[in-house]
Amino acid sequence: MFEAITRLFQKPDDALSVHDPKLAVAALLVHLAAVDGQVKDEERKAIKGALQDHYDLDEAAVDRLVKEASLRDAESVDFYKFTSTLSSLDNADRIEIIAMMWTVVFADKDNHELEDNMVWRIAELIGVSARDRTVLRNQIGKGRKA
């Protein structure tokens, strides 16, 4: 009986670490999609597409990643545990993360001020310059607006 209780509270061996960049990025994208109070289908598709393209994952792997990211985001009190993992990546990867974020922001052809603010904060925390963030915003936003 004790073993059954112990197994209940153990994490599965295949659980992703919060220090895994894929999980950190996914958690930030999930949070970003919900920051304006509603997650639209376009945003869900943009998250899955961005993760599939960037990490070369199949649909099942992305679904598992998004599910785990949603759980980690729900239990998180701030962005630090996600951004601390990402700030050590090279500049090109960090810029790509901000590009993925803008893709999610503009997926519904709208840019809510809370989304804009979150991308700004994450860019600052992971060391992406204001110039790079703004250029990406303009490039991606221009291509997505109706």
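Since every read-out is calculated from the coordinates, none of them should be taken as a lab result. None of the values given here were measured: they were computed from a predicted structure. Don't worry about glycine lacking a Cβ; one is built from the backbone with ideal geometry, like all the others, and counts go over all protein chains shown.
Listed here are the pairs K40/K67; K81/K142; K67/K142; which of them are more than 28 Å apart at the Cα? Flagged as over cut-off: K81/K142; K67/K142.
Which residues in region 67-102 place their backbone N less than 16 Å from a point set 7 Å from the Cα of Q139 along the Cα-to-Cβ direction? Zone members listed by number: 91-102.
Going by the alpha-carbon gyration tensor, a ≥ b ≥ c the square roots of its eigenvalues, is region 83-146 rounded (a/c under 1.5) or, if a/c is not under 1.5, prolate (a/b greater than b/c) versus oblate? The shape class here is prolate. What shape does region 31-132 take by its C-alpha gyration tensor, where a ≥ b ≥ c are the square roots of the eigenvalues and a/c under 1.5 counts as rounded, a/b above b/c as prolate, and the rest as oblate? In terms of gyration-tensor shape, rounded.
Starting from the Cα gyration tensor of region 54-93, take the square roots of the eigenvalues, sort them a ≥ b ≥ c, and report rounded, prolate or oblate (rounded when a/c is under 1.5, otherwise prolate if a/b is larger than b/c, else oblate). Judged from the Cα gyration tensor, region 54-93 comes out oblate (a/c at least 1.5, b/c at or above a/b). Other residues lying with their Cβ under 11 Å from the Cβ of D132 contribute a combined charge of +3, Lys and Arg counting +1, Asp and Glu -1. Using 0.36 nm per residue and subtracting the Cα-Cα separation, the extra length available between S88 and E75 on full extension is 2.4 nm.
Computed about its Cα centre, the charge dipole of region 26-146 is approximately 280 debye, with only Lys, Arg, Asp and Glu carrying charge at their Cβ. Length gained on full extension, R64 to D41, computed as 0.36 nm times the residue gap minus the Cα-Cα distance: 6.5 nm.
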